[in-house]
Amino acid sequence: MATARLEELYKNEIRPQLLKELELTNIMEAPKLSKIVINVGAKEAVADTKILNTIADAIKKITGQKPVRTKARKSIAGFKIREGMPLGVMVTLRGKMMYDFMDRFINLALPKVKDFQGLSSKLDGRGNYNAGIKEWSIFPEAESSVDSHVGGLNVTIHTTAKNDKEGLALLKSFGMPFRHSKAK
């Protein structure tokens, strides 16, 4: 089975570079991607459950993997939500599919964002990164499936980094377009 382009890049160039940059002694200490989770919540699904099918089809085309439906954990009367009601979809990518998605996300999708100034370089404190995308139509695969509903999605990139410094170094080495902080 062929490996993904970014996976080859990681093994041959990025990992040795990270070992030097982070002053690590063992190759197993080098941070790497562990999984990518794509999550879509649809408040419109409360009124019309057919919207969830449209969202699931679009996410399946984007990721190449069938999404899992997420359900409400508890009832909220003010929002007309009952426990167990389907509210969204999510996909967890690992291995080759994870690297393929990361490659398309960085090199194809993000450059299509209108007035793109770069992503925030804020991580969660444990080396993981969350990016909110307002429209999934930035992915080339989703353009054909865009009906009347175009929604946003959340991309969570989980790494094996011990802290934000290592996680940020890993994501920068993959070419993640972070916003440049203004010098004071």
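No value in this document is a laboratory result; all are computed from the given coordinates. Being a predicted model, the structure only gives us computed values, none of them experimental. With ideal geometry, Cβ positions are generated from the backbone for all residues, glycine too; neighbour counts draw on all protein chains shown.
Between (1) 20.0; (2) 23.7; (3) 17.9, which entry matches Kirkwood radius over Cα pairs in Å as derived from the coordinates of this structure? Evaluating Kirkwood radius over Cα pairs in Å on these atoms matches (3).
Using the per-residue mean of other Cβ atoms lying within 10 Å as a proxy for protection, in what order, highest first, do the peptides 130-137, 98-105, 151-158 fall?
98-105, 151-158, 130-137
Where nothing but the Cβ of Lys and Arg (+1) and of Asp and Glu (-1) is charged, how large is the charge dipole of the chain around its Cα centre, in debye to the nearest 20? Mind dumping the intermediate values first?
Values: 31 positive and 20 negative charges, 105 e Å.
Dipole of the chain, to the nearest 20 debye: 500 debye.
V68 to K96: extension gain in nm, 0.36 nm per residue of separation minus the Cα-Cα distance? Let's see the in-between values first.
Numbers: separation 28, 0.36 × 28 = 10.08 nm, distance 1.94 nm.
Once the chain is fully extended between V68 and K96, it gains 8.1 nm.
Peptides 54-67, 12-25 ranked from most to least packed, by the mean per-residue count of other Cβ atoms within 10 Å: 54-67, 12-25.
Axis of helix 50-63 versus longest Cα principal axis of the chain: the two differ by about 20°, to the nearest ten degrees. Checking the Cα-Cα distances for K134/K162; K20/K96; K43/K162; K20/K114; K74/K114 against a 32 Å cut-off, the pairs over it are K43/K162; K20/K114; K74/K114.
Seen against the Cα atoms of the chain and their longest principal axis, helix 164-174 is set at about 90 degrees. Measure nothing fancy, just the Cα-based angle from helix 95-104's long axis to the longest principal axis of the chain, in degrees from 0 to 90, nearest 10. Its long axis makes an angle of about 90 degrees.
Per residue of the chain, the DSSP helices (runs of n ≥ 4 H) give a summed -39500 (n - 2.57) that works out to -7500 deg cm²/dmol at 222 nm.
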